[in-house]
Structures are given as C-alpha cells and as structure tokens.
1. Ratio of Rg to Rh for the protein assembly as shown, alpha carbon only, Kirkwood?
2. If you place +1 on the Cβ of every Lys and Arg, -1 on the Cβ of every Asp and Glu, and leave all else neutral, what size is the dipole of the protein assembly as shown about its Cα centre, to the nearest 20 Debye?
3. Quick check: from the Cα gyration tensor, does segment A:9-56 come out rounded (a/c under 1.5), prolate or oblate?
4. What does the convex hull of the Cα atoms come to per residue for segment A:133-218, in Å³?
5. Which ³J(HN,Hα) values in Hz, rounded to whole numbers, follow from the phi angles of segment A:75-88 under the Karplus curve 6.51 cos²θ - 1.76 cosθ + 1.60, where θ = phi - 60° and Gly and Pro get x?
6. Calculate the length of the line joining the C-alpha centroid of segment A:30-65 to that of segment A:191-211, in whole Å.
7. Which distances in nm, rounded to one decimal and ordered from shortest, link the label point of A:GLN106 to the equivalent label points in the other identical copies, with labels set 7 Å from Cα toward Cβ?
8. Just which residues of segment A:73-115 lose 30 Å² or more accessible area with every protein chain there, against their chain alone, with the probe set to 1.4 Å?
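The values are calculated or read from the model by the stated rules, or taken from the named source; none is laboratory data. All values derive from a computational prediction rather than experimental measurement. Cβ: placed from backbone, ideal geometry, glycine included. Neighbour counts: every protein chain shown. Only protein heavy atoms, including side chains, enter the accessible area calculation; ligands, DNA and RNA are left aside. Shrake-Rupley method; radii C 1.70, N 1.55, O 1.52, S 1.80 Å.
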2 protein chains.
Amino acid sequence: MNSLAEENYLKALLNLSNDKGEVNVNELSKRLEIKMPTVTSMMKRLSAKKLVHYESYKPLRLTEKGKKEAAAIIRKHRLTEMFLVEKMGFGWEQVHDIAEQIEHIQSPEFFAKMDELLGFPKLDPHGSPIPDKNGKMVWKEYSKLSECKAGDTIKLSAVINTSAEFLKFLNSRELSLGLKLKIKSVEPFDNTMVVSYGKRLSETLSHTVCERLLVEKV
Amino acid sequence: MNSLAEENYLKALLNLSNDKGEVNVNELSKRLEIKMPTVTSMMKRLSAKKLVHYESYKPLRLTEKGKKEAAAIIRKHRLTEMFLVEKMGFGWEQVHDIAEQIEHIQSPEFFAKMDELLGFPKLDPHGSPIPDKNGKMVWKEYSKLSECKAGDTIKLSAVINTSAEFLKFLNSRELSLGLKLKIKSVEPFDNTMVVSYGKRLSETLSHTVCERLLVEKV
DNA sequence: ATAATAAGTTAGATTAGACTAACAAATTTA
DNA sequence: TAAATTTGTTAGTCTAATCTAACTTATTAT
C-alpha cells in the first residue's frame, strides 16, 4: 500500500506527463509545492517500489505499475467529483478540494457503488475522462477555444483549469459544458474573442480564458 | 488543526469515557492498538493543546474543547454511516470501515450536505446518537436485552458492537432495529434467551449476543 | 504489610516526509 | 566556448508518530 504522500506524487506525475510521459523534478516540485530535494528523495523511494523509472539528472517516467496506480487515484478523484455534483448537488466549482481528500479512501466497494449509482460515467463534471478500472484513460480530440477562428460554431466540452475562481467566472457568464457558441470575432492584437450563446449575444472572453476551454467543432 | 493520529486519540477517548469521563492510558492503548509509551507521549501533546487534562499516573479526561472536537469527529463518522446506508445502499455491516476513513475529511460543506440530504437524522444505522453541531450527544435510556426477563416484550433499538461479524450474525437471524420481540424463556445457568419475533417463533440467542443488544420496553 | 503484578513513565531508536545549505550537472546566453 | 543560470543532488536537520527496554508507581493478593 502507498502512503498518502506517495499517492500524491504518483497522481501529480500522471497529471503532468500528458504528452511525452516525461516529467522534470522541477515541474513536479512546483506542482506539489514541495522542495526539489524532497522530490528527489521520494523519487528514489518510488523507484525502489518500481513505480517510477529514476536516473540522476534524467526526466522522470512512471512505470506501467506506477501509471496504473496513479490512474486508480485519478479515477477515484473524478468519480467522486461526479458523485458530488450529480448525487449530492454540489456545484462544479466546489468539488475539487473534497475529491482531493476522498481520492485517498481505501475501499473498492465505496467507489464501485458510486460508479454504479452514477451509471458508469466516462467523464467527470469538468469534461475530463474517468480512467477505467484498468487505468485506461482516453481524451477525446478537443481543440482549445483560443485556437478557433471567427465564424466557427463550437460546443464547449471540457475545462483545463478546475480552480474554483475560474469555474465561478464561467458560472457568472452562464458558461457550462455542452453549451454551443458562435465566435463572432477575434481581436488580432490580444486574441480576445467575442462570442454569442444562449441569450448572450455578445460576450467578450480573454485569451487566458479561451486557452482554458476545450471545444468540439460542430 | 489536529492530525489524523490526534483525531483518532480524541475519538477513542470520547468513545471510551461513557460513564465517568475518565479513561486509563492502558485502556486507550488497547483500544487503539498503540503501545502505552506512545499513548503517554501523545497525551502530553494533547495536554499542551488543551484537549486533554493529563497528570502523571492519573486517569485521562478530555477538556471541554477536547470533548467538542472529539464529538465533531464522531458526528462525521455517524453521519457518514447513515449516508452510506440510506443514500448509497450499503448494509449496516459494511459501513464502519469506510466511515472510519471519511470521518477525517475536512469539509464542513460536505457533512452539512449529507446531513441535509438525510433530513438531519438523530441516530446512526446502529442506533447510536449523532452528536449535534455543538457536540451534544444524548443516549436514550435503553436496557440491555440480557437484563430483561421472560415474558417481556421489547423493541430492538441499538447495537453495542458494530463489528461486521456481529452484524452479519444479526442479518442471518433477520434481527434489525425497530423489531419487536417477545422473550419466551431464559435459561438460568447460561442466560441464553429464547425469543420470538416476526415469523421466527423460537430463536435462541446467547448471553454474549443479548448483552450487545439495546432495547426499549414496549 | 509486604511481595507480586499491573499500569505508567522515561530514555533512546526508528521511519516517513518535510526542510535548508552547499555543491554538481546541464542548459542557456553572451 | 566560456560564463551565467537553471536544474538536480547530497548531506544534514527537524518533527510526528511509532517502537523497545528499563525503570517507577500504583494496585492486588497473600
């Protein structure tokens, strides 16, 4: 069994290693807000447990075992978020911190029950895929809203940043997943977008916001 | 904020100090399965935090602050058990170990939501009172089944032992809270009871079992 | 009342997980 | 390519929470 600290390192490693499967000590240190020497020593421990491939001065890579255990934690996190929203009536901006704690609960039955009560969901409330029991997790092919062009009509499918502040901002603009929107124009010098959706015919979204919204072309 | 270990000591202290409000180091040590020297040193720490009255070689007593914090943990435990049974479909024999973990979640909103969804319950699935938000917890005046006499008709109101084994035994005899039963006879030499209830007209219950069942006279 | 037993404490060791200070390697910049 | 910067490691310290061994105090039994 892994400790709480170990679980947090594993999860952060998988979350950071989206593309190449490689993570730097420095990145991990920043993400976890834990100093680099501590990270180095933990990597040696996880390496001894065959969860991480570790060589001095080389990037970090999860082993297959490590990936599976990390995915299991992320699965618990996302199932929990879904449960909190769908079954307990929380808003999507309220669930991250609670799920961050519940993901460490050791009880397969508990999460199996959540899964069943939710009808075996594939996505969490922020549009992120819930890894299956084997640790398999596939992201649909989304684009960032910031990469779309004026005239495009798109569907809001996921958010990258799940901080309460960002999600409260989205709430305040009635932006929620599944929403269709049309890009009316893009300011060339700061990439600000003017979009229309629902009853809002002209909302302005900063580039910072548009970079954090994942969309599907419609 | 108290650590997980500290919370477990506080909870055990309150659970053990039913009558006199006093607990021995030895009892606490056995309950927590932690050696006495470790308990002693933790008591010094909790004493420094004004949670426990501690003097060498004297029994341990929770301070008012300690009682309140301990009750808050027990409240979270029992609300969780109720939620698991009522809202998630677990059996009363399955919920203890899960609640043991969830009781440490730091999120007033999470437990407030449970409370609300459950309709502000006063008792947990085993008949134990759920402390209110101020830490107040009152046990109704129950008798042990083992103290009743032949001819009595009583209602099963709570169980003392909440181990899965004991609860599974009760399940196997269709014994559940709220059930009315009649004491047909008591064996004088081993205090075994023969009772009838529902469709079961003659069930034999050992003294060990009868001591763990709390009942109300009807 | 004293000896035996049980309960409690002190002292010192251990492990996990964090830190800082100092140094070393790798990368970037001039 | 050499200097400056960034990244990573080593060495050593600290605290929480556990342990064992040895000792002390309190309780029980003869």
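1. Values: Rg = 27.4 Å, Rh = 25.7 Å.
When Rh is taken as the Kirkwood radius, the ratio is 1.07.
2. Numbers: 70 positive and 60 negative charges, 27 e Å.
So the magnitude is around 120 debye.
3. oblate
4. Working: hull volume 9.0 nm³, N = 86.
In segment A:133-218, the Cα hull volume divided by residue count equals 105 Å³.
5. These are the phi-based 3J(HN,Hα) values: 4, 5, 4, 6, 4, 4, 4, 5, 4, 4, 6, 7, 10, 10 Hz.
6. 41
7. Taking the point 7 Å beyond Cα along Cα→Cβ, the inter-copy spacings are 2.2 nm.
8. A:PHE83, A:MET88, A:PHE90, A:ILE98, A:GLN101, A:ILE102, A:ILE105, A:PHE110, A:LYS113
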